[in-house]
1. Assigning unit charges at the beta carbon (Lys, Arg +1; Asp, Glu -1) and nothing else, what dipole magnitude in debye, to the nearest 20, does the stretch A:488-614 show about its Cα centre?
2. At 0.36 nm per residue, minus the direct Cα-Cα distance, what do residue A:208 and residue A:336 gain on full extension? Give it in nm, one decimal, please.
3. Write down Rg/Rh for the stretch A:22-262, rounded to two decimals, with Rg from the C-alpha atoms and Rh from the Kirkwood relation over Cα pairs.
4. Say the dipole of the stretch A:22-262 comes from +1 at the beta carbon of Lys and Arg and -1 at that of Asp and Glu; which of A:24, A:78, A:225 then lies farthest toward its positive end?
5. For the full complex of protein chains and a 1.4 angstrom probe, list B:83, A:140 by accessible area with the highest value first.
6. Could you tell me what percent of the accessible area of chain B is made up of carbon and sulfur, with a 1.4 Å probe and every protein chain present?
7. Give me the distance in nm between label points sitting 7 Å out from Cα along the Cα-to-Cβ direction at residue A:517 and residue A:32, one decimal.
8. If I model a spin label as a point 7 Å beyond the Cα along the Cα-Cβ vector, how far apart are those points for residue A:431 and residue A:596 in nm?
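The values are calculated or read from the model by the stated rules, or taken from the named source; none is laboratory data. Quick caveat: nothing in here was measured; it's all calculated off a predicted structure. All Cβ positions, glycine included, derive from the backbone under ideal geometry; neighbour counts span all protein chains shown. Remember, those area values only see protein heavy atoms, side chains included, never the ligands or the DNA or RNA. Shrake-Rupley method; radii C 1.70, N 1.55, O 1.52, S 1.80 Å.
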Amino acid sequence: MSRRRPHEEEDGYDRAYRKRRRVSENQEIEDRLESLILRVGEKSTSSLESNLEGLASVLEADLASFRSKILRILTDCAIKMPEKCTIYTTLVGLLNAKNYNFGGEFVEYMVRNLKDSLKACKWNAARYSLRFLADLVNCHVISAGSLLQLLDNMVDAAKEDGVPQVRKDWYVFAVLSTLPWVGRELYEKKEQSLEHLLVSIEVFLGKRSKKHHAALRVWALDTPHPQEEYLDCLWAQIRKLRQDNWAEKHIPRPYLAFDSILCEALQHNLPTILPPPHHDSYQYPMPHVVFRMFDYTDCPEGPILPGAHSIERFLIEEHLHQIIEMHHLERKDCAAHLLNFPYKSKIPLDYSIVEVIFAELFHMPSPRYLEIVYGSILIELCKLQPSTMPQVLAQATEILFIRIDTMNTACFDRFVNWFAYHLSNFQFRWSWEDWDSCLQLDPEHPRPKFVREVLLKALRLSYHQRIKEMMPEPFESLIPAKPEPKFKYAAEGAGSLPGTTHAHKLVVSIRAKCKPEEVLHVLKDLPNSRHDDDADSRFNPLKIDVFVQTLLNLGSKSFSHSFAAISKFHYVFKELADSEEAQICILRNMFELWNDHQQMMCVLIDKMLKTQIIECSAVANWIFSKEMSGEFTKLYLWEILHLTIRKMSKHVSRLGRELAEARERLRHAESDSDESEDGDGEGNNNSSKHGISGVGDDHEKPSEDMVDRMEERLEAAQADQKNLFLIIFQRFIMILSEHLVRCDTDGRDFNTHWYKWTIGRLQQVFLVHHEQVQKYSSTLETLLFTQDLDPHILEVFHQFTSLRA
Amino acid sequence: MPTFASPSVELSSYRDRRFKGSAGELKRLLRTSSTLYVGNLSFYTTEEQIYELFSKCGDFKSVIMGLDKIEKTPCGFCFVEYHSRSDAENAMRYINGTRLDDRIIRTDWDAGFVEGRQYGRGKTGGQVRDEYRTYFDEGRPRRNEIYQI
């Protein structure tokens with residue numbers, strides 16, 4: 001600073017230049033610090049200890065000028081790289097030993113982070129903050145007593161009355177999952193208080209309701225591996241850890257090497273931290289089941305898979321889930337990071353990875369990410385580790401197949417979809433012969449059913465000839481039919497059908513590119529088998545039969561052809577099928593033509609729902625109708641039901657969103673109108689047509705009237721949605737009750753394959769659409785799921801309501 | 001609304017040279033588009049198969065099969081138009097570079113389908129790349145190669 005240049009004052013240009021340079025120099029230093037902090041603990045030629053020591057000195061020197069920046073980077077790292085928790089706590093410990101004030105500021109910063117995360121319902125971030133604070137006890141930054149006080153306060157939150165169980169669960173989970181890091185230290189310094197904390201937790205767990213457990217299980221049976229509720233499992237692991245005097249072998253603890261420096265440091269006390277009180281808008285994580293498919297006997301010789309109740313299993317799984325979370329947007333990176341797991345030499349890594357990926361895929365009620373995320377990561381894993389991963393995956397598939405008998409129905413579907421997709425990426429190579437014993441079983445048994453459904457999905461991704469060629473001969477009975485239309489009006493003996501002449505005329509007219517009105521003309525004199533005094537005199541089953549089968553057959557070349565045919569003759573559909581009965585008749589005729597092409601039926605129904613030719617309720621009633629009973633346990637039918645429900649849900653959400661936006665704009669416009677009359681420029685700039693529906697697209701002020709109309713539309717849609725759920729659940733109750741009663745009077749076992757599939761589908765509807773169904777929970781309870789219902793059916797409802805209890 | 005940066009959803013270096021508009025405009029369209037170009041398909045891959053695979057990432061509006069300009073038969077590419085950008089991004093992330101009909105298929109952003117784009121642009125009616133190809137590709141036979149299979 002002492003080197004003064006002549007004419008410094010006058011040289012404005014030079015000054016500005018130097019200022020800029022200083023700013024950019026600072027920026028450079030900041031960037032360098034950031035990169036040093038981010039990278040500490042990565043592969044390096046020198047030891048972690050010397051790196052940490054060096055970094056602590058560098059940071060200490062820069063604390064004066066870059067204090068807040070360093071604080072921010074360090075807390076960020078703590079939350080975003082929880083796998084490096086102990087590395088950063090060591091660093092903070094070393095800094096605290098050098099500069100007590102900075103240590104205090106850091107603790108304050110971290111505490112604020114914890115509080116903010118709790119308020120914002122960022123549950124994982126909160127847990128990582130808590131873990132970091134706990135680990136700071138190990139680094140002599142925070143006193144053990146003050147941490148225990150915090151943990152006590154959190155467990156107290158589990159003793160509150162009148163709050164959801166999921167809230168209590170989370171606070172207990174947060175405390176338990178922190179103990180692997182700090183249990184030993186607390187045990188050595190505050191044994192009694194720790195024991196007291198554990199007793200409180202034990203009391204809580206003993207009283208906790210676990211009705212949801214059955215709905216979330218992947219398998220109904222607990223052999224060979226129990227499907228434990230997540231808190232129970234963690235509790236068992238913590239108890240075992242306590243038995244082992246809190247010694248665990250998984251967490252690297254770099255601070256141990258600095259013990260002599262750290263134990264000299266002064267400790268800070270955490271301030272009193274109280275969990276923010278419950279608010280109805282808070283969403284807590286849902287409970288889950290710990291998925292296990294392997295134990296050490298499944299793995300080849302080598303490092304041993306930690307037991308189900310060893311804390312190492314929990315730590316490894318949590319870490320792997322975290323890697324997936326961090327890298328799921330880039331499947332190749334994700335696979336590489338998984339395979340690069342830091343403790344890979346100590347565990348049978350491939351098995352742990354496969355188990356964790358299937359745990360996510362089978363997660364109930366729904367996987368965290370799209371199913372294809374997991375499928376594509378598994379493909380990358382096989383590519384990166386071709387010598388071992390494909391075998392482990394094959395072994396996993398085998399295990400899943402053997403245990404499929406008691407697998408829940410939603411997971412069965414996901415397993416089918418994944419396996420067909422996986423095979424299509426590996427030339428459909430599979431040793432089907434190993435599964436030929438399933439051919440002796442009842443076709444409704446989950447094993448032959450699995451093979452059949454996989455082949456149906458594989459067929460969609462491939463072609464019929466290919467599927468036929470890849471399957472060994474004994475499996476012929478499971479090979480799907482060729483997906484072709486069956487047009488009865490051109491088949492042998494069609495002459496005797498009442499509609500044949502008209503159908504042939506219709507073919508000629510449509511080929512000659514006739515207008516929709518002309519179609520009606522061709523169909524005009526087809527006799528109506530129904531009596532005139534029926535409510536809907538326009539409904540003529542024969543007209544619909546001839547029209548739907550002929551038109552769809554003409555469009556049978558591809559989806560595009562079918563869609564074009566449907567939109568061209570949309571008018572005819574609407575004319576012929578006004579009532580729900582008539583709409584069901586359309587579906588029945590579509591089925592008659594296309595029953596060998598399940599994918600076609602799915603997309604046609606999707607199309608007809610979109611174009612409002614049929615309503616959601618018609619689809620639901622059709623699925624449960626007598627004629628469809630032969631299809632009732634097939635996967636595609638439920639695919640259709642779920643797409644129907646989803647369509648309705650999307651519609652309701654969209655109307656809700658649009659209404660909220662319009663209300664917001666109205667409010668905005670009202671508060672603005674005092675200031676200016678000609679609206680804000682921002683709104684006028686936006687001339688592009690992003691809107692979906694007519695009302696309230698443009699950014700003009702909506703009128704009260706418009707908002708009212710939107711409200712009405714939303715209410716009508718919600719009424720439809722409620723009605724749809726009522727239909728579906730009522731039909732479920734009817735067929736299930738009928739079955740139970742019939743079995744009872746005949747003295748037969750009710751627990752047949754059909755029963756298991758059906759109750760499983762009921763469960764699936766509740767779980768897949770739980771957010772929507774939740775809204776009508778009390779209506780369902782008063783109208784349908786009443787106390788006089790068979791307990792087997794009622795149980796499914798109770799499991800559902802306890803999910804967010 | 002584009003989600004945050006991630007390499008598998010970035011734009012590739014390919015640009016449609018017949019695009020009517022500036023390079024900047026093309027780039028802007030590509031960055032907000034929900035339409036994908038899908039390439040390296042077998043000529044035998046059907047619309048149905050495309051549907052099955054790409055619907056794993058979300059609902060879409062349409063699939064437009066690429067056709068030989070002269071023969072009007074599939075010539076190994078298509079466009080998939082999703083309703084939302086994020087679904088299209090997922091297809092870029094999870095489908096690009098995986099297999100369909102035993103072929104590694106490639107997806108890329110497209111500025112949006114315009115009538116005429118469904119046809120091959122090669123002299124013989126198919127895609128240009130098949131005309132320059134020096135090896136035999138069983139899934140994409142040129143007219144004079146049909147006898148080979």
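1. Values: 15 positive and 16 negative charges, 140 e Å.
Dipole magnitude for the stretch A:488-614 comes out near 680 debye.
2. Numbers: separation 128, 0.36 × 128 = 46.08 nm, distance 4.02 nm.
That works out to 42.1 nm of additional length.
3. Values: Rg = 19.8 Å, Rh = 19.5 Å.
That ratio equals 1.02.
4. It is A:225.
5. Numbers: B:83 95, A:140 30 Å².
Ranked from most to least accessible, the order is B:83, A:140.
6. Numbers: 4140 of 7500 Å².
C and S atoms contribute 55 percent here.
7. So the label points at residue A:517 and residue A:32 sit 8.3 nm apart.
8. 3.4
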